[in-house]
Amino acid sequence: LATQSPTVQPWVTGGAAVLIARERFAFDRTVNQACGRVADLLLGTQWRAAGSVPELASRLSKAASWPLEGVEEPAALWQAEAAVARRVASEAAQLAANANPTRETVIGIMTSLLIDLHRVLAVIELAGRGPNPEEVFDAVA
């Protein structure tokens with residue numbers, strides 16, 4: 001997607017940064033070789049030497065680190081995921097509203113549908129886990 005539309009580059013790189021942070025710091029797992037190569041293409045190789053979420057953010061470009069701003073601990077990575085979802089939803093809606101349909105309009109429409117699906121699945125998962133603080137549901141919305 002990032003190669004098809006420069007508009008979505010921060011979505012892709014920001015999302016990749018959050019995925020790397022989750023794997024390495026929330027789940028304490030090594031990123032497999034194939035995913036690591038893709039991450040290297042999207043993020044550069046400096047992410048590999050990071051020892052914490054804040055250090056990861058400092059090693060990435062602004063276009064990739066934006067969702068990690070203010071995230072100090074792995075337990076707070078859900079906030080970074082929510083930030084990606086909010087930004088992508090907002091910018092996709094703007095693309096979809098284009099009066100002159102273009103490739104960007106189609107990307108906006110398809111992305112908006114995928115974001116809606118992600119929200120529904122997230123709320124179903126949260127509801128299945130039992131009582132949650134209201135701010136968790138607000139972050140998903």
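A few comments on the model shown:
- The mean of 1/r over all pairs of different alpha-carbon atoms in the range 42-113, once inverted, gives a Kirkwood hydrodynamic radius of 13.7 Å.
- Stretchable slack from Arg87 to Gln4, in nm (0.36 nm times residue separation minus alpha-carbon distance): 28.0 nm
- Förster radius 41 Å - calculated FRET efficiency between Ser52 and Leu114, Cβ distance, rounded to 0.05: 0.85
- Taken along the Cα-to-beta-carbon direction at a fixed 7 Å, the label points for Asp28 and Glu72 span 2.1 nm.
- Percent RCO, i.e. relative contact order, over the chain, from Cα pairs under 8 Å lying at least 6 residues apart: 19 percent
- Charge tally around Ala50: other residues with Cβ under 11 Å, Lys/Arg +1 each, Asp/Glu -1 each, net +2.
- Residues listed by number, the range 7-46, amide nitrogen under 17 Å from Ala97 label point at 7 Å toward C-beta: none
- Using the Cβ of Ala39 as centre and a radius below 13 Å, the other residues enclosed give a net charge of +3, where K and R count +1 and D and E count -1.
- For GluC sites (Glu not before Pro), the sites in the range 1-84 that DSSP calls loop and that have at most 14 other Cβ atoms within 10 Å are Glu69, Glu72.
- With the biggest extent put first, the Cα atoms of the chain measure 46, 40, 26 Å across the principal axes.
- Using a Gaussian network model of the chain in which every pair of alpha carbons under 10 angstrom is joined by a spring, one finds that among Ala93, Ala127, Ala39 the greatest mean-square fluctuation is at Ala127.
Only the coordinates and a few stated rules stand behind these numbers; no lab work does. A quick note: this is a predicted structure, and the numbers were derived from the prediction, not measured. FYI the Cβ positions are ideal-geometry reconstructions off the backbone, even for glycines, and counts take in every protein chain you see.
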